[in-house]
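The values are calculated or read from the model by the stated rules, or taken from the named source; none is laboratory data. Because the structure is a prediction, the values reported are computed rather than measured. Heads up, the Cβs are rebuilt from the backbone with ideal geometry, glycines too, and the neighbour counts pull from every protein chain shown.
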Amino acid sequence: MEDQLREEIAGDLLSHCFIVGTQENQRKKYYEVLNNEEEFRRIFDAVGYEMILHKNLKVVQLKNKRGQGRVELKKYESILLLLLRMLYLEKRESLESTQENIILRVEELIEEYDKLQLPRKLDQDMLTKAVRTFRKYHLALPLDKLNDVSARLLIFPSVMLALPDALIEEAYEQTKEQLTRYEEVG
């Protein structure tokens, strides 16, 4: 394996957490990791990281073994990420199973966000900042300028891995408990 490519791949994983093999500009890196999996595992293991290869999603993920270095999303970024994940799953089920990346319109995201009836409305600034973060970590890519509801977002399969299922389950249970308490008081 070429040293320069190996360094580039290691840097990408350390900076972006994911390499998405369904993306044209990342495909070569994905297959390089796939073909040299054990070598990459040794490299990252030595510095305290676990490299996880999700072959079904064509995604390479890097996780710190001690839980350090996690990206702390703002509350509304987390909400938008959960909505992206939900929309990704819905569209994935309704489309051919061979389609890996999902395209959605900003309008669809706004509709789902509005259903939550949150105190803060989804404005242009919030959307732009969140999508910038999602792009940095290879979760989503804007295909158009985000100043129109018809703008499109390309959602990568890595969106399924950004928030562990255990955290989502825990948040769901906590929310359910809170709602039950409110209902009992009301």
Flagged pairs (Cβ under 7 angstrom, 6 or more apart or on separate chains; first in segment 15-30, without any contact (Cβ under 8 Å) to a residue 24 or more places away in the chain; second of a type in the set (Gly, Ala, Ser)) are Arg27/Gly21
Has segment 53-74 got at least one residue that is in a strand (DSSP E or B), in the same structural domain as Glu8 (by TED's automatic domain parsing) and surrounded by fewer than 14 Cβ atoms within 10 Å (Cβ to Cβ)? no
Among Arg92, Arg135, the single one that is out of contact with any helix residue (DSSP H, G or I) (no Cβ under 9 Å at 6 or more places or on another chain), among the basic types (Lys, Arg) and part of a helix (DSSP H, G or I) is Arg135
By residue number, the members of segment 1-37 that are loosely packed, with under 15 Cβ neighbours inside 10 Å, more than 18 Å from the chain's Cα centre (by Cα), outside any loop (DSSP other than H, G, I, E, B) and of a type in the set (D, E, K, R) are Asp3, Glu7, Glu8, Lys28, Glu37
Of the listed residues (Glu8, Glu39, Glu2, Glu24), the one being of a type outside the set (A, V, I, L, M, F, W, C), out of contact with any Leu (no Cβ under 9 Å at 6 or more places or on another chain) and closer than 14 Å to Phe156 by Cα is Glu24
